[in-house]
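Notes for the one structure printed next.
The values are calculated or read from the model by the stated rules, or taken from the named source; none is laboratory data. What you see is a predicted model, and the numbers here were worked out from it, not measured in a lab. Note that each Cβ is placed from the backbone with ideal geometry, even for glycine, and that neighbours are counted across all protein chains shown. Accessible surface areas use protein heavy atoms only, side chains included; no ligands, DNA or RNA. Shrake-Rupley method; radii C 1.70, N 1.55, O 1.52, S 1.80 Å.
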Amino acid sequence: QAGSTGIHNVMLQGTLLTNYRNYVEPRWVLGLRFSLGTLFTTDGTVPDPNKIPPDWFFLAGGDHDLRGFGRNTLPSPDQGESSIAPVGFESRWPNLISFPLEPLVFTDLGYLGDGNAKLGPDLYLSPGIGVRSPTPIGTIRGTVARGMIPARDIQRWQFFLSFGAEF
């Protein structure tokens, strides 16, 4: 008799932006964003991609988490992972120059894994720089980052231009 396994998709996300020292005209904005997602199976087994809808799995990469990698290309463009844990740190300087461009620096890092809150050993790292410009119809951001997987000696450059993203 074949048994069935229950599967739960859990995702926790957060973003924090702070105006350092609370200046009326911000001089330094610090940002943090994180997410933690996993598939839990009721029997503790590794989630089987042949028995679970593909959109339940997590993909990483892009201007929403690991900016040094292409959008939704990690672990591969055609198959996601069962656990994901990226975090991003950003520092930007509004009003540094008279033109409405805010320079920024950031570092994103994360881990992927095979489910039940298990993460693999490979660190995904994305340090980078960019600019941000608030406009009356939304924010325009441009970033360039170096995507690295040190354990596999993989390095690549990635550029993003986005509209509407605060962080």
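Numerical summary
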| item | result |
| --- | --- |
| Matching option when the condition is in contact with a Ser or Thr (Cβ under 7 Å, 6 or more places away or on another chain) and closer than 30 Å to Leu96 by Cα, among Arg33, Arg21, Arg27 | Arg33 |
| Residue in region 37-52 that is farthest from Trp93 (Cα to Cα), counting only those that are in contact with a Ser or Thr (Cβ under 8 Å, 6 or more places away or on another chain) and of a type in the set (A, V, I, L, M) | Val46 |
| Leu125 touching a residue at least 12 places away in the same chain (Cβ under 8 Å) and surrounded by 15 or more Cβ atoms within 10 Å (Cβ to Cβ) | yes |
| Condition met for Phe57 (among the aromatic types (Phe, Trp, Tyr), under 17 Å from Gly120 (Cβ atoms) and at pLDDT below 95) | yes |
| Count of residues meeting criterion [basic (Lys, Arg) and in contact (Cβ under 8 Å) with a residue 60 or more places away in the chain] in region 128-167 | 3 |
| Counted residues, region 139-154 - those being open to solvent by 20 Å² or more (accessible area, probe 1.4 Å) and more than 15 Å from Gly62 (Cα to Cα) | 6 |
| Filter result (more than 18 Å from the chain's Cα centre (by Cα) and closer than 22 Å to Gly110 by Cα) within region 131-153 | Ala151, Arg152, Asp153 |
| Cβ-Cβ under 8 Å pairs, at least 6 apart or on other chains, region 32-57 side free of Cβ contacts under 8 Å to residues at least 40 places away in the same chain, far side outside any loop (DSSP other than H, G, I, E, B) and among the acidic types (Asp, Glu) | Phe57/Glu81 |
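Rundown of residues vs (1) within 20 Å of Ser162 (Cα to Cα); (2) among the aromatic types (Phe, Trp, Tyr), yes/no style:
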{"site": "Gly68", "(1), (2)": "yes, no"}
{"site": "Pro77", "(1), (2)": "no, no"}
{"site": "Ser82", "(1), (2)": "no, no"}
{"site": "Asn95", "(1), (2)": "no, no"}
{"site": "Gly113", "(1), (2)": "no, no"}
{"site": "Tyr124", "(1), (2)": "no, yes"}
{"site": "Arg132", "(1), (2)": "yes, no"}
